[in-house]
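A.B. asks: Okay, handing you the structure first.
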């Protein structure tokens, strides 16, 4: 007679053991199909059964994570959320405030993970059992300037320090707003990661004139050794037309030097 343990027969335990040994923290139907050499239909059925029996937790359709043996609950919070993001929103990269904190450009701690993806999502904020993801959909051509971070055998992309700054200049909300962006820029231009050539190479690739306007205005506010050269390069790339310093807030004062609408009350933190 075949013995059962935890609701599993010998064959089921062998398959689950093989799957958990070969996979990373999270498991997709496609991965299970490949590892176990079975059809996707069969793999989906097995994963659903193991979730029902308390061996796996279904994060969302087609994605599961193992439930630790010592867990007293069948609901668990993913311990490798970057890996979850990598599998949920491909092609994508970790960016925005999450990347800024990772590279030491800010000490501000955010309680959500920012993900840049070409995938269309219906909800920009998604809570997956306690892990909150902020998701921004971007054009495929804007996925560049990333570095790999390894989670086991899985390579996860994160925006490098320069791309993190450029993403913020393109859309300040991804780093928490314009004042946060000013702080990040100040740290960046004073760090060993600062690369002016790369900064303008990335700015050109974004194809958004507002990037130069915001960069020129902010670099004169934060005052660094590179202020003059950066401001001069921004001036060369300045285009006609006016932009908002912070798109979400309509400015009440026009900075004609940078064709930028700015709130009169705006001050960066190091000048307050």
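Every number in this text was worked out from the coordinates using simple rules, so none of it is lab data. It should be emphasised that the depicted structure is a prediction, and the values quoted were computed from it without experimental measurement. Cβ sites come from the backbone with ideal geometry, for glycine too, and all protein chains shown count toward neighbours.
A.B. asks: For the Cα atoms of the chain, what angle does the longest principal axis make with the long axis of helix 196-206, in degrees from 0 to 90, nearest 10?
C.D. replies: For helix 196-206, the angle is close to 70 degrees.
A.B. asks: Using Cα-Cα distances under 8 Å and only pairs 6 or more residues apart, what relative contact order does the stretch 12-66 have, in percent?
C.D. replies: 33 percent
A.B. asks: What number, rounded to the nearest 500 deg cm²/dmol, is the helix-based mean residue ellipticity at 222 nm of the chain, given -39500 (n - 2.57) per DSSP H run of at least four residues and division by all its residues?
C.D. replies: That calculation yields -11500 deg cm²/dmol at 222 nm.
A.B. asks: Note the full-extension length gain between residue 207 and residue 248 as 0.36 nm times their separation in residues minus their Cα-Cα distance, in nm to one decimal.
C.D. replies: Gain on stretching residue 207 to residue 248: 12.8 nm.
A.B. asks: Using Cα centres only, tell me the gap between the stretch 149-180 and the stretch 238-259 in whole Å.
C.D. replies: 24 Å
A.B. asks: With a cut-off of 8 Å between alpha carbons and a minimum separation of six or more residues, what is the relative contact order of the chain in percent?
C.D. replies: 11 percent
A.B. asks: Relative contact order of the stretch 126-191: what whole-number percent is it, with Cα pairs under 8 angstrom and at least 6 residues apart?
C.D. replies: Reported as a whole number, the value is 18 percent.
A.B. asks: Further, regarding this structure: Consider the candidate values (1) 1.13; (2) 1.11; (3) 0.94; state which one is Rg/Rh (Cα atoms, Kirkwood Rh) computed from the structure displayed.
C.D. replies: (2)
A.B. asks: Among DSSP beta bridges whose residues both lie in the stretch 81-271, state the antiparallel percentage, nearest 5.
C.D. replies: Roughly 70 percent of the DSSP beta bridges within the stretch 81-271 come out antiparallel.
A.B. asks: Evaluate E = 1/(1 + (r/R0)^6) for residue 144 and residue 232, where r is the Cβ-Cβ distance and R0 equals 22 Å; express this FRET efficiency to the nearest 0.05.
C.D. replies: 0.30
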